[in-house]
Amino acid sequence: MSHSHAAGRSAEEALQALMEGNQRFRNGKFKERDLGSARRIDLVENGQKPFAVVLACSDSRVPVELLFDQGMGDIFVVRVAGNVVDPVALGSIEYGLEHLGANLLMVLGHSNCGAVKATVDGGEAPGSIAAIVKKIQPSVAKMAANGLSGAELCSRVEEENVFTTIREIKASPIVHHLMEHGLKIVAAKYMLDSGEVILM
Ligand SMILES: [Zn+2]
């Protein structure tokens, strides 16, 4: 029964595994992935030990396990439109890090993000979508103050929003504590066209 997939992986090892997986994805050379019943039962009986937590956008073009070429039990994924956090999303992240023991958190923004574009475009966001827009607005204000506009503004906001989210996550006492014990947080951006994950 293989257990080498996760246990005790350091932040550096976890990041390397993600980036190597992304390289395989871009090359279309996926590793053989065990999605069989034996693997499922192994994960139930022995529990999950994901080596990374990834916060990404819900965008259907950002399928986290696929773009890092990972299988079941490998990544604890939190997906929220605009990759923003509220207490519920932050609780999910804390659970993956503190309870399941992952030493790496990646906040993954992406190009052509609809949540960012909607916020940049402005106007009234219907229903609870307004709560997402409100989270992204400070990044828009900051980048617009730099004189940016249009596609360039959207692109820079996609990046700034990742750093804003990370600042919010770091305000968590649990995350703060874990950072003194080996947790690393990395900012990254996924390019929809090239398939590349770029560390920021
Ligand atoms: Zn998005």
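The values are calculated or read from the model by the stated rules, or taken from the named source; none is laboratory data. These numbers were taken from a predicted model, which means no experiment stands behind them. Glycine also receives a Cβ, built like all others from the backbone with ideal geometry; neighbour counts cover every protein chain displayed. To get the accessible areas, we keep the full protein, side chains included, count just its heavy atoms, and leave off ligands, DNA and RNA. Shrake-Rupley method; radii C 1.70, N 1.55, O 1.52, S 1.80 Å.
When GLY114 is tested against (1) under 24 Å from LEU199 (Cα atoms); (2) touching a helix residue (DSSP H, G or I) at 6+ places or on another chain (Cβ under 7 Å), only condition (2) is not met. Sub-8 Å Cβ pairs linking a first residue in segment 104-127 that is over 17 Å from MET200 (Cα atoms) to a second residue that is within 15 Å of the ligand (Cβ to nearest atom) and among the acidic types (Asp, Glu), at least 6 apart or interchain, are GLY114/ASP59; VAL116/GLU158, ordered by first then second residue. With a requirement of 1 or more residues that are in contact with a Leu (Cβ under 8 Å, 6 or more places away or on another chain) and more than 16 Å from the ligand (Cβ to nearest atom), the helices (runs of 4 or more DSSP H) lying completely within segment 43-142 that satisfy it span 87-94.
Taking PHE25, is it open to solvent by 30 Å² or more (accessible area, probe 1.4 Å), aromatic (Phe, Trp, Tyr) and over 14 Å from the mean Cα position of the chain (by Cα)? Yes.
Checked across segment 91-112, the condition of being β-branched (Val, Ile, Thr), open to solvent by 40 Å² or more (accessible area, probe 1.4 Å) and at negative phi holds for no residue.
Kindly indicate the residue of segment 165-182 that is touching a residue at least 12 places away in the same chain (Cβ under 8 Å), assigned to a helix (DSSP H, G or I) and under 16 Å from PRO87 (Cβ atoms) and also most open to solvent (accessible area, probe 1.4 Å) among those meeting that condition.
Kept after step one, since they are touching a residue at least 12 places away in the same chain (Cβ under 8 Å), are these residues of segment 165-182: 165-166, 168-170, 172, 174-175, 178, 182.
Filter again for assigned to a helix (DSSP H, G or I), leaving 165-166, 168-170, 174-175, 178.
Those left that are additionally under 16 Å from PRO87 (Cβ atoms): 165, 168-170, 174-175.
Working: THR165: 4, GLU168: 72, ILE169: 0, LYS170: 93, ILE174: 66, VAL175: 1 Å².
Filtering first and then ranking leaves LYS170.
Take LYS184 and decide whether it is under 15 Å from GLU98 (Cα atoms) and in contact with a His (Cβ under 8 Å, 6 or more places away or on another chain). Considered against the rule, which asks whether it is under 15 Å from GLU98 (Cα atoms) and in contact with a His (Cβ under 8 Å, 6 or more places away or on another chain), LYS184 comes out as no.
No other residue among ALA11, ALA17, ALA7 is modelled with pLDDT under 95 and under 23 Å from the mean Cα position of the chain (by Cα) apart from ALA7. Quick one: which of ILE185, ILE198 is open to solvent by 40 Å² or more (accessible area, probe 1.4 Å) and assigned to a strand (DSSP E or B)? None of the others qualify; the one that does is ILE198. Scanning segment 74-83 for residues that are open to solvent by 10 Å² or more (accessible area, probe 1.4 Å) and in contact with a Lys or Arg (Cβ under 7 Å, 6 or more places away or on another chain) yields nothing.
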